[in-house]
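So the structure is just underneath, and the comments pick up after that.
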Amino acid sequence: MTIFVTGGAGFIGSNFIFYWKRQHPEDRVVCLDSLTYAGNLSTLKDVLKQPGFRFVKADITDRKTVWQLFEEEKPEVVVNFAAETHVDRSIEQPEVFLDTNIKGTAVLMDACRFFGTGRFHQVSTDEVYGDLPLDRPDLFFTEETPIHTSSPYSSSKAAADLLALSYFRTYGLPVTISRCSNNYGPYQFPEKLIPLMIANALHDKPLPVYGTGANVRDWLYVEDHCKAIDLILQNGRLGEAYNIGGHNEMKNLDIVRLICRELKKPESLITYVADRKGHDMRYAIDPAKIHQELGWLPETKFADGIHQTIEWYLTHQEWWEEILSGDYQNYYNRMYGSRLANGGQL
Ligand code: NAD
Ligand code: DAU
């Protein structure tokens, strides 16, 4: 079988490719990625030379190229990870989120329709449900929770979900959707909370916590996400969305403190900065549907996963140092320079 993995040079897509090559070595994997700032070909260096793997630098909004690749490869399955994914960047510049996340998804689905592809899986997010209040720990996102987005990022992902469901109903396209909570693990781009805090702590730089750090996220080890998508591809019902999350809610401040402890760095590095606009308070997934229908349960405990992740960043310093030394510094100065009350530089 040939599987297209879009966005495979990013964090979750690359982990999915490694997972797929281990679990389904007989399959041909074709990775389509336009290598934006978040895509890194060096992440894929071990699979690049393997038989049954092809990397193509391609933009999913580029209909002509996408068509050509479908014509050449005739994939049976497409898993769409390609997206603009950082909420803060979407607040700064929404337009590219609309292009990639909405139009790009439509182009891929049109190609699936045209070439009769057996499955289109859309990798979505729990952010489409908006947020939950901190004082109602009894509330969780189910697949029935209304879509209620907060940021341009989550709105673009919600639009793509709705489009995917409409392609199922209108054209009978064999679509499934997964909505996962926050992932952590190797190869996550250092603009996201956990790798950013690890990198800053290792450089003895301030650890910029938005607001009071009371916001809650529901953390899942990236490989558990990959396994869940595999199960959905095997046995998921068409036209359905599946929530993925492991009941592992943690306050941002507690995550940052834990990283300080693991790296033996002082908590005095923690610096409270201006809050994210429209900042979602709490995410919490109810994974009952995927558990009951497909038998999925997370396997990695947070204490083990975060320890392994910190170890990975310690032993792969060249991977993220290279990113920090490039254009990322301009982003960091722009994004964090204005967050301090006194206008100073972090
Ligand atoms: P990422 O930002 O690390 O990687 C995104 C990848 O997509 C990059 O390799 C980038 O080059 C590629 N890409 C971007 N625009 C493209 C385009 N127009 N054409 C082709 N490739 C393009 O993202 P991630 O964290 O790995 O997230 C992957 C998917 O999972 C996204 O759809 C995201 O919405 C979803 N998701 C992420 C999380 C999380 O915690 N990171 C949780 C739930 C869902
Ligand atoms: O829930 C799934 C989503 O998780 C995915 O759909 C997104 O693609 C992914 O980026 C992630 O979104 P978040 O906004 O939750 O992740 P981020 O790592 O940006 O932030 C996590 C929390 O930490 C959030 O409450 C904001 C806070 N934060 C983040 C950064 C980068 C800080 O306090 N300081 C920071 O410097």
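Taken together, the values in this text are just the output of simple stated rules run on the coordinates, not laboratory data. Source: prediction; values computed, not measured. Positions of Cβ are generated from backbone atoms using ideal geometry, with glycine treated the same way; all protein chains shown enter the neighbour counts.
General remarks:
- nm² value of the averaged projected area, convex hull over the Cα atoms of the range 1-60: 3.6
- Per-residue [θ]222 nm for the chain (sum of -39500 (n - 2.57) over DSSP H runs n ≥ 4, rounded to 500): -12500 deg cm²/dmol
- Pairs beyond 24 Å (Cα-Cα), from K192/K265; K45/K264; K192/K251; K157/K205: K45/K264; K157/K205
- Inter-part distance where the range 15-56 and the range 191-241 are each reduced to a Cα centre, Å: 21
- Crossing angle, helix 105-115 versus the chain [Cα axis fit, 0-90 degrees, rounded to tens]: 20
- Gyration tensor (Cα) of the range 271-346, equivalent ellipsoid semi-axes in angstrom: 34, 22, 11
- For the chain, the longest principal axis of the C-alpha atoms and the axis of helix 193-202 are separated by about 50°.
- Cα-based helix-to-principal-axis angle, 11-23 vs the chain, degrees rounded to 10: 50
- According to the calculation over all Cα-Cα pairs in the range 214-346, the P(r) per 5 Å bin from zero is 2, 8, 13, 14, 18, 17, 13, 8, 5, 2, 0 %.
- Rg then Dmax, both in Å and based on the Cα atoms of the chain: 19.5, 58.
- Normalised contact order of the chain, rounded percent, pairs of Cα under 8 Å and 6 or more residues apart: 17
- For the range 171-211, the Kirkwood estimate of the hydrodynamic radius, built from every pair of different alpha carbons, is 13.0 Å.
- Put in line by how crowded their Cβ is, counting other Cβ atoms within 10 Å and starting with the fewest, D254, D161 read D254, D161.
- Residue among M281, M335, M250 with the largest mean-square fluctuation in a Gaussian network model of the chain, springs linking Cα atoms under 10 Å: M335
- Quick note on the range 41-196: its Rg to Rh ratio, both from C-alpha atoms and Rh being the Kirkwood radius, is 0.99.
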